[in-house]
Structures are given as structure tokens and as C-alpha cells.
Amino acid sequence: MFKILKYSFYDLMRSRWSYVYFLFYLALGFVLLFLNNDINKAIITLMNIIIVLTPLIGTIFGVMYYYNSKEFTELLLAQPIKRSTIFMGQYLGISISLTLSLALGLGIPFLLYGLFRSTAIFDFGLLLVVGSFLNFIFVALAFNIALSNENKIKGFGYAILMWLFLAVIYDGIFLISLLVFNEYPLDKFSLIATMFNPIDLSRILILLKLDISALLGYTGAIFKKFFGTNLGMIISFVVLFLWVLFPVWRMNIKLRRKDF
Amino acid sequence: MIRISNLHKRFGKLIVLDGLDLEIKSGGIFAILGPNGSGKTTLIKSILGMVIPNSGDIKIDGKSVLKKWDYRNQINYLPQIANFPGNLTVNELIAMVKNLRPKKSNDIDLIELFGLQPFLDKKLGNLSGGTKQKVNIVLTFMFDSDLIILDEPTTGLDPISLINLKEIIQKEKEKGKTLLITTHIMSLVDEIADKIVFLLDGNIYFKGSIDELKLQTKQTDLEHAIANLMTKENV
């Protein structure tokens, strides 16, 4: 698996898009620090961008890579290697190279700005960890969609819809349901609903860590009670982890019956 | 020896292989022929484990190969379309495939034969279709395996490379290898094939030597004999 991973990673690291993505984060980091002139504020702005953008880029990269490397995958399939090894190698190759672009692109400006002398280092670390989780989750989801759709256009369409749903529509439905069922106790419902969307889960995790939960009002208080404690943190990370594991597991099931 | 028994494969409603039985003895060149969509590639990919049959069994040297993967170490496969990761160089690709197959390889001779030296450090994305096909051929023939499967090997090749390819195929045959070749170029079949396997509607319609085929169809050349096989079915 590491052999495939290595080559997928090399291939991606040399592609123009990895650099564009890296430079984008680099520029973003510098601009935010320059404009805000404050690490903590820059981190909050950054969070809003990362939480929407990493899933989008992960989804598009995942789908694109799968369809573009189809013939090459066929070449690999004819070699004495297990199917799951090939795809897990490719999956990890993409996820790791995206994570590297993210970590380096943002890391460099923040380090130059004096991150180590600031108290925000843990918040920044959490931001990167959550960003990496989102990369791994959405590349896995994208692979699932691509594996289930022979048709490129359809695959792309479903992948973008999936992103749109989790990044925007889910929140809309969530808010409407909170308004409609306003008379009922909703703390448990909102806790559980958050768990079912990795983007929401990441957002809340960071918001609470940044200690601006007061902005969130009553719900914020409940979340703070839950997420603020160590147990809440652990559970949230376990759920994020499950969000990686489940799509990866389904990918392997799907692979067993797939014709190439 | 390959023994395929009662192989069924459906893609949705389309039945591609319909209870196919085939026995291929070791040694010699077998041309797998048939009209477009007759199941040639599906048959080949089933042997390679890339297509998973609905039912039936495929045995190589007496052992079932379904759901296995290590048997592929004894198969060289030339896919129909050559397309590689655009950001790797030719050298890196060859090194990678060698790395994936712990086996002795003679890539240097083949690279020289096909005149690929000037391209070794070029990225695969910048190569022409014919050059990619040459790289593809090098990757296929650089290992010493008992079974060699070629899916449309002549696509995009210039005449000199074509002659080289035919020579390699003959050499492998002389070493006692089994070669399965699909092609639409009848002159190639006429020149190199020992036996013909003709697929039609997901089953074997004819299996035998070229002479037997000509005798059966009462034609003097192969092209017409094959055409005769195809039209007979339609009448």
C-alpha cells in the first residue's frame, strides 16, 4: 500500500493544482494576518473559510483524481496487488497531499507572524487537525460517489450536491426544524443533528474551543456543557474519526463487487 | 493451462458472457476474435480479475483464481488504452511497476529496441499516443511470465515498432509462453496466431486453427472467413 501511496503522492505533489492550492492558503494566511493584525481574529476568519473550503476541495480533488487515473488504476489492477491496497493507497495519497498543502500553506505565515509566542497555538493546532479530518472525510466520500458512478458528469454532480447539502442545505434544514419545533426541548436533538454533519461538528468544535460560545446563546451553553468538557471533545473526535472510517469501509465493500 | 467453465457475466440487462466454456492449453498464440461488443475484453478482464463474473469458474493450472490476486504475478497484461499519471516520468513509471512486482525484468533491452531512451526523463503527460503505447509494451514484456494477454496491441504503433512487437511475440512463443491476443487486424492474426477463438453473443462460436476455419467456411483468406462467420450468424 505504501508503494501506491508514494506514487500517488508524488504524482499529486507535482501537479499544478497542489501548488495552486498551497499558494492560495499561503496568500490567505498572510492577507488575514495583515488585515486583522491579530492572530486570534485571523483564526476565527480562517475557520469560516476552512470549514467550507476544505470539504469542497477534498470532494473535487477526490472525484477528479478517481476519474482521471482510471486507466492507470486498470494497469495497477492487472498487477499482483490486492484491490483494496490500490485504492487505499490512492486515497491516502490524495488526503495526505491535500493536508500537507493546508498545513504548510497556513503554517508558514502564522509561524512567521510569531505563532509560538502567542497563546493561540492550540487553537491554530485544532484548526489544522479539524481541517485535516475534513480532508480525509470528504476525499473518502468523493471516492465512494465516484466508485458508484461510472458516468463522470453524474459523479461530479452528485459530489458537488453532497458538498452543498452538508455545507449549506443541512444547516438550513437544521435551523428550520429548530424554529418549527421551538416548543419542544431541543438540546439532545441539536447535539445529535450536529454529529451527523462533519462540517457542523468541526465548526462547533472550533467555536467552543475559541471560547466565543457566548455568541451562540442558549444552544451554545448546552454545547459548551457537552463539548467544552474533555469528554465532549473526545466524543466529538471519535465521531469525526467514525466519519472517516465509515466511508472507507463502504469503499472497500463496494470495491469487492466492482467491474473495471 | 486456463480452464474457464460456465462463465456468466451481465452488465445490467446486457448479457455479455453467457455460459462460456473455454480451455486454453499452455504454449502458443491464441487470437481472440469477434465483432464489437462480443465480450472479448470482458473475457480477458475476467481472467485478470478486473471484471467479477456472476457465476462460473476460472482455473489457471488447476487452481481457481476468482477473488485471488497473487496469481497475477504470472500474467503480463497490455491494456487497450495506454494512459498513465501525467506527472510521472517514464523512468519513474518503469521503476514503480518493477517495484510492485518482485521479479526479474529486462526493461533495458526493450527500451533500446523501441528507441525510448530520449523519452526516459520526460513526463508521461507530454508523450504522443504511439510513444505511450511503446512504454505500455515495455511494461508488459519486461517480466518473464507464463501467460501474456494483449488487448489490441498494435494501436498507434509505427511500422518499425510493429515489426519489433511481432518479433517479441514470436520470441515469447518460442519460449513456450501462452499468449492471448485480441485484435481487429486480420493480417496480424494470419501472420502469428496458432489458434483462433471466435466469440459471438457471449459464447465460443469457433475454436481451432486458421486452416480449419478456412476449411469450415470454404474461404481462401482469413478476412473473408471471419466475415463469413459473422454473417452466418445473422442469416
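Every number in this text was worked out from the coordinates using simple rules, so none of it is lab data. On a predicted model such as this, the values are computed, not experimentally measured, just so you know. Glycine gets a Cβ as well: all are built from the backbone with ideal geometry, and neighbour counts include every protein chain shown.
In deg cm²/dmol, rounded to 500, what helix-only [θ] at 222 nm does chain A give when every DSSP H run of at least 4 residues adds -39500 (n - 2.57) and the total is split over its residues?
So the helix-based figure for chain A works out to -27500 deg cm²/dmol.
Sort B:116-124, B:46-54 for me by packing, meaning the mean count of neighbouring Cβ atoms within 10 Å per residue, highest on top. Display every interim value, and only then the final one.
Details: B:116-124: 15.4, B:46-54: 20.1.
Ranked by mean Cβ neighbours within 10 Å, highest first: B:46-54, B:116-124.
For a Förster distance of 22 Å, can you work out the FRET efficiency between the beta-carbons of B:ILE52 and A:GLU71, rounded to the nearest 0.05?
0.70
Which length gain, in nm to one decimal place, applies between B:GLN216 and B:ILE81 when the Cα-Cα distance is subtracted from 0.36 nm times their residue separation?
Between B:GLN216 and B:ILE81, full extension yields an extra 45.2 nm.
Based only on other Cβ atoms within 10 Å, what is the fewest-to-most ordering of A:VAL238, A:VAL139, A:VAL130?
Starting with the residue having the fewest Cβ neighbours, the order is A:VAL238, A:VAL130, A:VAL139.
Under a point spin-label approximation (7 Å from Cα along Cα-to-Cβ), what is the B:SER209-A:ASP187 distance to one decimal in nm?
Between B:SER209 and A:ASP187, the label points sit 8.8 nm apart.
B:ARG10 versus B:THR231, label points 7 Å from Cα toward the beta carbon: distance in nm?
Each label point lies 7 Å from its Cα, and together they span 3.5 nm.
At a Förster radius of 35 Å, what calculated FRET efficiency corresponds to the Cβ-Cβ distance of B:GLN117 and B:GLN74, to the nearest 0.05?
With R0 = 35 Å, the Cβ-Cβ based efficiency is 0.75.
I'd like the Karplus ³J(HN,Hα) series for region A:176-183: coefficients 6.51, -1.76, 1.60, θ = phi - 60°, whole numbers in Hz, and an x wherever there's a Gly or Pro.
Residue by residue, region A:176-183 yields 4, 5, 5, 5, 5, 9, 3, 6 Hz.
Kindly put B:MET1, B:MET96 in sequence by how many other C-beta atoms sit within 10 Å of each C-beta, fewest to most.
Neighbour counts put them in this order, fewest first: B:MET1, B:MET96.
If each residue's Cβ is checked for other Cβ atoms within 10 Å, how do A:PHE196, A:PHE30, A:PHE122, A:PHE61 rank with the fewest at the top?
With the fewest neighbours first, A:PHE196, A:PHE30, A:PHE122, A:PHE61 line up as A:PHE122, A:PHE196, A:PHE30, A:PHE61.
Mind putting a number on the dipole of region B:2-234 about its Cα centre? Charges go on the C-beta only, +1 for Lys and Arg and -1 for Asp and Glu, and I need it in Debye to the nearest 20.
Using only the charged Cβ atoms, the result is roughly 800 debye.
Rounded to the nearest 5, what is the percent of antiparallel bridges among the DSSP beta bridges in chain B?
55 percent
Please list the non-local residues whose amide H lies under 5 Å from the amide H of B:ILE149, H modeled 1.01 Å from N, same-chain partners needing a gap of 5 or more.
B:ASN76, B:TYR77, B:LEU78, B:LEU180
Under a point spin-label approximation (7 Å from Cα along Cα-to-Cβ), what is the A:ILE253-B:ASP190 distance to one decimal in nm?
The answer from the label model is 5.5 nm.
Estimate the FRET efficiency between B:ARG3 and B:ASN91 by the formula 1/(1 + (r/R0)^6), using the beta-carbon distance for r and 45 Å for R0, to the nearest 0.05.
After rounding, the FRET efficiency stands at 0.70.
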